[in-house]
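The values are calculated or read from the model by the stated rules, or taken from the named source; none is laboratory data. What you are looking at is a predicted structure, and each value in this text was computed from that prediction instead of being measured. Backbone-built Cβ (ideal geometry, glycine too); neighbour counts: all protein chains shown.
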Amino acid sequence: MSLDNASPADWSRAQYYQTTKDSVRNLLRFAGEDPGRGGLQDTPDRVLKAWRDHWCAGYDVDVGALLKTFEDGAEGIDEMVVVKDIPVYSHCEHHLAAIFGRAHVAYIPDGRIVGLSKINRVVDAFARRLQVQERLTRQVADALTEHLQPLGVAVMLECRHLCMESRGVCQQGHSTITSAMRGAFRKEQDTRNEFLAIVNGGSRHV
């Protein structure tokens, strides 16, 4: 079986880990480095740990389990709940380069609410996967819509992409803005404008 078609199930854990470490060493050689150099000897282990335990940890998160809702405390609440400036750290699936910025998320409860910290964790769970910003924005909006069943959901991401800033055009400081509107935020202009006014009030650069 070729390595291109192999999956972790086809290898023992030790074999798969060693093969992946060898790939990192080959990447260092490809970049013009000596993987045996003192400062790089432990780099393959550090790279694997960073990718599996941190940068791609979102694949192991059950997003639905995060979004436990509560009816107690939701009585009579029909105004939007907004969480601003949620940190976003991700990697683009095209170059494995960093994406970073912030997310703004709002929802209008329909008899149920969710712990505010869970919204941050949902954003983080989807961000810690290989992504494109457009999909990430949509995934957060769709997850909240599915599990909260609110009257509406709004998600806006403002992110910088190192695949653009450190290669290609090499222009720094630009932000890409994406949004996803569901329910009342999509259908009602006044509701959408209220969300945008809250997000833009006191807005800071990424």
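Among the numbered conditions (1) in contact (Cβ under 8 Å) with a residue 24 or more places away in the chain; (2) farther than 30 Å from residue 73 by Cβ; (3) crowded, with 16+ Cβ neighbours inside 10 Å, the only one that residue 125 does not meet is (2).
Filtering the stretch 146-157 for residues that are farther than 28 Å from residue 98 by Cβ and under 19 Å from the mean Cα position of the chain (by Cα) leaves a non-empty set.
Pairs are defined by a Cβ separation below 9 Å, a sequence spacing of at least 6 or placement on different chains, a first member in the stretch 102-118 that is more than 19 Å from residue 188 (Cα to Cα), and a second member that is modelled with pLDDT under 95 and small (Gly, Ala, Ser); the pairs so defined are 111/74; 112/74; 113/73; 113/74. Close contacts from the stretch 176-203, counting a first residue that is assigned to a helix (DSSP H, G or I) and a second that is small (Gly, Ala, Ser), with Cβ to Cβ under 6 Å and a gap of 6+ residues or different chains, come to 184/152; 185/152; 185/154; 191/184; 195/106; 195/154.
For residue 146, indicate whether it is assigned to a strand (DSSP E or B) and modelled with pLDDT of 95 or more.
For residue 146, the condition - assigned to a strand (DSSP E or B) and modelled with pLDDT of 95 or more - is not met.
For the stretch 178-194, give me each residue that is crowded, with 17+ Cβ neighbours inside 10 Å and within 10 Å of residue 153 (Cβ to Cβ). Give the derivation first.
Here is the first cut: in the stretch 178-194, the ones crowded, with 17+ Cβ neighbours inside 10 Å are 178-185, 191-192, 194.
Within the stretch 178-194, 180, 181, 182, 183, 184, 185 qualify.
Residues that are modelled with pLDDT of 95 or more, of a type in the set (S, T, N, Q) and touching a Pro at 6+ places or on another chain (Cβ under 9 Å) do occur in the stretch 5-24. In the set 171, 139, 131, only one residue is in contact with a strand residue (DSSP E or B) (Cβ under 7 Å, 6 or more places away or on another chain) and not hydrophobic (A, V, I, L, M, F, W, C); that residue is 131. Within the stretch 98-120, being surrounded by fewer than 16 Cβ atoms within 10 Å (Cβ to Cβ) and either under 13 Å from the mean Cα position of the chain (by Cα) or part of a strand (DSSP E or B) (or both) holds for one residue alone: 100.
Quick check on my filter: what residues within the stretch 42-76 are in contact with a Pro (Cβ under 8 Å, 6 or more places away or on another chain) and at pLDDT 95 or above? Steps first, answer last, please.
First pass over the stretch 42-76, keeping only residues in contact with a Pro (Cβ under 8 Å, 6 or more places away or on another chain): 43-44, 74.
Once the filter is applied, which keeps residues that are in contact with a Pro (Cβ under 8 Å, 6 or more places away or on another chain) and at pLDDT 95 or above, the stretch 42-76 yields 43, 44.
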